[in-house]
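First the structure, in the form of structure tokens, and then the observations on it.
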Amino acid sequence: MSGDGATIRDASGREYIDAAGGAIVVGVGHGRASVASAMADQAGRLAYAHGSAFTTEAVETYARDVGRYLPLNEPAIFPVSGGSEAIETALKLVRAYHLARGQKDRWIVLARWGSYHGNTLGALDLSGRKPLRRPYEGWLGRFRHLSAAYPYRAGFPGANALGTADELLAELATAIETAEPETVAAVVLEPIVGAALGAVAPPDGYLKGVHDICHQHGVLVVADEVMTGFGRTGRWFGGDHWGLRPHILVAAKGATSGYWPFGFAAASEWVHETVLEAGPVRPRVHLLALARRRSRRA
């Protein structure tokens, strides 16, 4: 196969319009020679350097360039190989943050029905896509789910959906307040739901309300922007339409437009500094704290 821009050619030469960008991955088009050339140049100089001992100019340059567009204050970026791994990293980072603050009982993570966060075991458990969960139900159940923000299906039997911001926020507040005190660690959501519901935007006021309620209770907000990041919705990130400022943001797919398996979990300064300052008692979650980390450059 080959491709050029928005066109894909199969082995026989027949052409197709790649209208979905390769499962919401290819944002800059196929066949970008400049991208392939930069990748080849880097591969010719260094294959791999372990992130716990080294940092590289290539990764730091990418992180500096993308950091200016992230809706986070002074973000630190932890690079991984894809979206599911980025979600798993974000969950560990949530736990590391609360442990660093001495709140070891914060373990409950809230997600939503009608969501998709990946296909590794933790990410699948977080997801609210029931057909994907069904074969593995015996291995799932550590995370809790709220209703989907889905006005079109609100009230339909089996839809697990609510239609207004007030209803959704009341459900969230109740879930946090009825849990044991200070046991809820994070809320994970897609600002605009992609694969599970199909480009479903939340009602106005909902995302701001989620942030406000979580801030009131010391709960982190994790935005899954794997499908909605890097211009896919007309803004750099889907949450930008409503001014969402999450504590942690997860990205992949469009992060490299599919030219390289890559994703990342980005944390606000408030979160990553808390983890880093925990010292030797912190869990083994390492952040690439750009321009702050004193490590050898490979």
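What follows draws every value from the coordinates through simple rules; no lab data is involved. Quick caveat, the model's predicted, so the values are computed rather than measured. Here the Cβ positions follow ideal geometry from the backbone for every residue, glycine too, while neighbour counts run over all protein chains shown.
Couple of notes before you dig in:
- Secondary structure note: in the chain, about 50% of the DSSP beta bridges are antiparallel.
- Spacing of the two label points (7 Å from each Cα toward its C-beta) at Met39 and Thr183, in nm: 4.7 nm
- Spacing of the two label points (7 Å from each Cα toward its C-beta) at Thr164 and Glu277, in nm: 4.2 nm
- Interchain or long-range residues, amide H under 5 Å from Tyr116's placed H: Gly128, Gly194, Ala196
- For region 47-297, the square roots of the Cα gyration tensor eigenvalues, ordered a ≥ b ≥ c, give a/c of at least 1.5 with a/b greater than b/c, which places it in the prolate category.
- Cα-based convex hull, region 53-111, per residue volume (Å³, whole number): 130 Å³
- Of Ala185, Ala86, Ala19, the one that fluctuates the most in a GNM where the chain has Cα springs shorter than 10 Å: Ala19
- If R0 is taken as 30 Å, the Cβ-Cβ distance between Arg144 and Ala19 corresponds to a FRET efficiency of 0.25.
- Net charge dipole size for the chain [Lys, Arg +1 and Asp, Glu -1 on Cβ; Debye, nearest 20]: 700 debye
- Top positive-direction residue, dipole computed over region 47-297 with Cβ charges, set Trp139, Ala165, Leu220: Trp139
- Put the Cα centre of region 29-51 next to the Cα centre of region 140-179 and the gap is 43 Å.
- On the basis of the beta-carbon distance and an R0 of 45 Å, Arg101 and Ala47 show a calculated FRET efficiency of 0.75.
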